[in-house]
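The values are calculated or read from the model by the stated rules, or taken from the named source; none is laboratory data. These numbers were taken from a predicted model, which means no experiment stands behind them. Quick reminder, even Gly has a Cβ in these numbers, built from the backbone with ideal geometry, and neighbours come from all protein chains shown. Surface accessibility is based on the protein's heavy atoms, side chains included, excluding ligands, DNA and RNA. Shrake-Rupley method; radii C 1.70, N 1.55, O 1.52, S 1.80 Å.
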Amino acid sequence: MKKHFALLTLLLCVGTLSAQLSKQEIRENVTRSGANYFAYPGPQQDSLTPAPAGYVPYYISHYGRHGSRYLITDDDYDLAYRILLRGDSAGQLTPFGKDVLRRVVMVREEARKRYGELTLRGAEQHRGIARRMYERFPEVFEGKTHIDAKSTVVIRCILSMENALQELYALNPDLDIRHDASEHDMWYMNFNDPELNKKKMPEEVQRAYDEFCKKHQKNDRIMRQLFKSETYWKKNVDSQDLAYHLYKLASNLQSSELRREITLYDIFNEEEIYNLWLQTNAWWYINFGPCPLNGGVSPYSQRNLLRVMLDEADSCLQQPHPGASLRYGHEVCVMPLVCLLELDNYGQAIDDLEQLDDAGWWCYRIFPMACNVQMIFYRPQNGDGDILMKVLLNENEARLPLKAVSGPYYRWDDFKYYFNMKLASYKN
């Protein structure tokens, strides 16, 4: 009995610590609460695990999200602006509300006619990723090696690719670089599966998500500090809509040069930010993660991308010096790809949305701006032995659901077999 009690206590402590860790991480760096608007933090791992003796890197297969960008539409900026402006015209904004409106105007003006475009910070992120890739795996980029780069047809992705390639070319002008952005490749670079989309939020799942959100909607204090009259905002303002759009503006401000001048995080307290992030985290898990509430099949939206990565690697690895295959797209591809690969246990099925945080399923660790998956391939220098590989998630070594040879290193044949079988088992 005592043993069972001790075990239960330990499990409860582990869950509590996990939940506290996410809150602590957001407390330490509030920009993490931005989820997919979190600006790329760079690798958290100071040094990579050395390869097994006698092995050298010789090929990289990569898929990355575009860098930091402006919000996608004018409505992303206009909704909060219009509500606050209407309140100001009615004489209902507090002095703090008036100052928030002033800052929202600044953010809105900076982004005008730049909706969805790459920011300066986004360009810098991809230059840094390319530079570190070159410095960490110099053998891959030696001499006149071939670099094949592809982007989706979206301008922020094209510019992310071009910034990365410019950095690589500056480091080695002998590189043979080919780059392309075409509808021809969109069937795997940004595949949109209408059948899977229908399954994401059926009525019962929407109901579960709505109930979850209601538990975590704590917006009254925010409204009281923006508006003079509670009667006014309760009658004229959708408090959740306004809070969410202000949170979105606050989160994306980190991608802008205005981040050096202003913030919008002072609208919220710690608990409000945390609860807004919980709702966002759950939405991404349902729509792009392995959520069992809708069958857990959303990650298969990237089955075409994974097949291409497997097939291209198989072909390139036959070459003596294959170089790198670089691909630039979107977070709606990176997140399900990470879940499909089960990296760092992000493929886990969690029935209760309230348990996502305790289970360590934190979206900001998967898909910040410029997030990326890099498969690094190694061969024995003497030519005798298995091809090994490891996977980096955002430039940090990641665990796979396979038996490792050593540390983060796995046999390519094991990886290929496991994921070919997984893809073959999927039925539309």
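How large, in percent, is the carbon and sulfur part of the accessible surface of region 64-157 at a probe radius of 1.4 Å?
Roughly 51 percent of what the probe reaches on region 64-157 is carbon or sulfur.
If I fit a long axis through the Cα atoms of helix 239-252 and take the longest principal axis of the Cα atoms of the chain, what angle between them do I get, 0 to 90°, rounded to 10?
Between the helix axis and the principal axis of the chain, the angle is about 40 degrees.
Enter the accessible area per residue of the chain (Å², integer; probe 1.4 Å; all protein chains in place).
Per residue, the chain has an accessible area of 44 Å².
What share of the DSSP beta bridges in the chain is antiparallel, in percent to the nearest 5?
If we restrict to bridges inside the chain, about 55 percent are antiparallel.
On the principal axes of its Cα set, how long, how wide and how thick is the chain? Give whole Å, largest value first.
Result, largest extent first: 77, 65, 41 Å.
What relative contact order, as a whole-number percentage, does region 323-428 give when Cα pairs under 8 Å and 6 or more residues apart are counted?
Relative contact order comes out at 21 percent.
Between Arg307 and Val56, what's the calculated FRET efficiency when r is the beta-carbon distance and R0 is 25 Å? Round to 0.05.
Approximately 0.35, to the nearest 0.05.
From the cross-link list Lys215/Lys390; Lys214/Lys248; Lys113/Lys214, which pairs have alpha carbons spaced over 29 Å apart?
Checking Cα-Cα distances, Lys215/Lys390; Lys113/Lys214 exceed 29 Å.
Within the accessible area of region 268-320, what % is carbon and sulfur when the probe is 1.4 Å and the other protein chains stay in place?
Carbon and sulfur together cover 50 percent of it.
Show which lysines lie in cross-link reach of Lys199 when reach means a straight Cα distance below 18 angstrom and same-chain residues fewer than eight apart are skipped.
Within reach: Lys427.
Using a Cα-Cα cut-off of under 17 Å, which aspartates and glutamates could be cross-linked to Lys234, ignoring same-chain neighbours fewer than 8 residues away?
Asp88, Asp220
What is the extension gain from Tyr169 to Lys214, computed as 0.36 nm multiplied by their sequence separation minus the C-alpha to C-alpha distance, in nm to one decimal?
11.1 nm
Below 8 Å, C-alpha to C-alpha, sequence gap of six or more: please give me the relative contact order for region 68-132 in percent.
57 percent
Counting alpha carbon pairs within less than 8 Å and at least 6 residues apart, what relative contact order, in whole percent, applies to the chain?
29 percent
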